[in-house]
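Engineer: Here it is, the structure, as structure tokens.
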Amino acid sequence: MPVIGITSLSFGWPLLADLALSRPRIHYNARVASRELSLRRPDTCISCKESLDVGARAWWDANLKVVMCLTCHAAVDEVDAATEEGRPASAVEGRTMERGEAGRSSEARYEYLHARREQRIDKRFGRLAGVVKFLTDDPQSTKAWRAGSTGERKLAAALEASVGDVCVLLHDRRVPGTRGNIDHLAVSSNGIWVIDAKNYRGVIQRRDVGGWLSVDNRLFVGGPDRTRVIDGLGWQRDAVREALGGEAPVHAVVCFTDADWGWFTKPFELRDVLVTGPKTLATRIAAPGSLDGEEIQRVAAKLSQALPSK
């Protein structure tokens with residue numbers, strides 16, 4: 001049983017084809033060994049390594065004793081269909097580029113946490129559950145996921161309207177082997193823009209909190225220190241660079257959709273990350289560069305496959 005082939009799903013469609021050709025198609029047999037079910041315990045997708053919570057729908061392979069998320073299972077089935085129809089599996093690579101849906105994973109996370117809270121209230125308060133739900137609200141940590149989804153959708157719409165004709169925009173990208181995602185990717189003439197959208201409120205400030213003989217510039221928004229959002233972009237930029245193999249420059253951006261800029265505060269760079277709003281970001285994306293239209297499409301297609309939509 002070629003177990004190793006299954007883990008290759010995270011690295012591209014050609015390896016998916018190898019898997020489809022080599023693995024026994026056990027879920028087509030009369031005695032179904034692979035089936036879709038709701039998980040009774042937390043698990044991890046054998047392909048993309050995405051964490052799956054209790055109650056999540058997934059495919060269980062009784063022979064291999066592994067779980068595969070619905071997205072990865074659908075990808076394998078697509079390759080199976082191509083090979084069984086006599087078409088070369090490489091033809092699947094020529095499918096329409098999947099741009100993704102902005103804010104989808106954040107909204108899904110919010111809905112999951114909201115539903116889990118309501119289930120706990122139902123179990124604890126019984127017939128009084130409706131009253132408790134009316135008088136209370138989701139915790140801020142849960143509502144933040146919906147706010148984040150709103151910010152991602154708002155930024156996606158703004159970029160589509162302003163630079164959608166000069167770049168390729170990809171949204172809500174999954175990074176195989178991690179639990180995280182990339183909010184937006186913009187592929188333009190001057191490179192790839194890795195964009196983290198934030199829907200924070202308050203005034204944006206860059207402050208030096210170092211001592212007399214040291215400099216320690218940090219990002220503050222609405223009072224709290226938000227520098228961690230800049231530091232969190234490092235692994236995202238590395239994932240894009242690894243996927244491209246140095247084919248184009250990679251720029252990292254934190255874009256605030258609803259925060260305020262002070263009278264004397266302009267977009268700035270901090271730790272090699274651009275801190276800006278939608279208008280300045282659009283101007284940067286549209287700046288001329290060395291990639292022509294065909295190269296932009298090729299690079300975007302490569303990223304779409306290496307970093308699939310969630």
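Engineer: If the requirement is being among the small types (Gly, Ala, Ser), surrounded by fewer than 13 Cβ atoms within 10 Å (Cβ to Cβ) and under 20 Å from GLY277 (Cα atoms), which of these qualifies: ALA157, ALA161, ALA144? Break it down into steps so the answer makes sense when it comes.
Structural biologist: Working: ALA157 fails: surrounded by fewer than 13 Cβ atoms within 10 Å (Cβ to Cβ); ALA144 fails: surrounded by fewer than 13 Cβ atoms within 10 Å (Cβ to Cβ).
Just one listed residue meets the conditions, ALA161.
Engineer: Kindly list, by first and then second residue, each pair from a residue in segment 182-195 that is touching a residue at least 12 places away in the same chain (Cβ under 8 Å) to a residue that is of a type in the set (Phe, Trp, Tyr) and crowded, with 24+ Cβ neighbours inside 10 Å, limited to pairs with Cβ atoms under 6 Å and residues at least 6 apart or on different chains.
Structural biologist: ALA186/TRP193
Engineer: Under the condition of being of a type in the set (Val, Ile, Thr) and part of a helix (DSSP H, G or I), which residue from segment 259-307 is nearest to VAL229 (Cα to Cα)?
Structural biologist: Going through segment 259-307, the residues of a type in the set (Val, Ile, Thr) turn out to be 265, 273, 275-276, 280, 283, 285, 296, 299.
Next, only the ones that are part of a helix (DSSP H, G or I) stay: 280, 283, 285, 296, 299.
Numbers: THR280: 19, THR283: 22, ILE285: 21, ILE296: 28, VAL299: 26 Å.
Looking at the filtered set, the residue picked out is THR280.
Engineer: Moving to a separate point now. Counting just the residues of segment 186-229 that are touching a helix residue (DSSP H, G or I) at 6+ places or on another chain (Cβ under 8 Å) and among the hydroxyl-bearing types (Ser, Thr, Tyr), which one comes out nearest to VAL163 (Cα to Cα)?
Structural biologist: That would be SER188.
No value in this document is a laboratory result; all are computed from the given coordinates. If you're wondering where the values come from, they're calculated on a predicted model, not measured in any experiment. Cβ coordinates were reconstructed from backbone atoms using ideal geometry, including for glycine residues, and neighbour counts include every protein chain displayed.
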